[in-house]
Amino acid sequence: MQQLPEIQIDMTNLVKEDVYTDQKIGSVRVLTPVNANGETDDSRNVIYFGQTQVMTQAGPLPLNFEIEVNSLKEAFEQFGDNAKAAMERTMKEIQEYQREQASKIVVPGQDTASKIQLP
């Protein structure tokens with residue numbers, strides 16, 4: 001029987017997560033560092049993440065992105081610009097992936113299933 005890995009929480013890297021949303025456009029996740037007692041750990045920075053989705057021809061595309069600011073208010077103010085930048089990065093990644101796939105030559109008789117490369 002295979003030995004299972006040890007599963008243990010890293011108590012030196014705990015955060016409390018709060019989510020703020022306008023219920024229309026998106027949300028901001030706030031990760032506040034805490035110690036094992038749940039008290040705020042001021043030796044580490046609060047991290048802000050934006051979450052939204054945009055409609056594309058292929059359907060909804062979820063976007064998750066870090067917002068490098070110092071307060072929740074600043075995160076809301078910078079949300080739109082950061083969402084646009086995340087969308088641009090995602091579209092470039094999709095286009096690059098499509099170029100890679102289009103440049104592959106498929107020769108009849110080859111096992112194409114074994115040639116598929118996932119990102």
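Every number here is computed from the coordinates shown, using simple stated rules; none is lab data. Predicted, not measured: the structure shown is a model, and the values here were computed from it. All Cβ positions, even for glycine, are placed from backbone atoms using ideal geometry, and neighbour counts span all protein chains on display.
Taken over region 47-76, the criterion of being assigned to a helix (DSSP H, G or I) and surrounded by 13 or more Cβ atoms within 10 Å (Cβ to Cβ) is satisfied by L72, E74, A75, F76. Considering each residue of region 25-40 in turn, none proves to be part of a helix (DSSP H, G or I) and among the basic types (K, R). If you check I94, I7 for being surrounded by 13 or more Cβ atoms within 10 Å (Cβ to Cβ) and not small (G, A, S), only one passes: I94.
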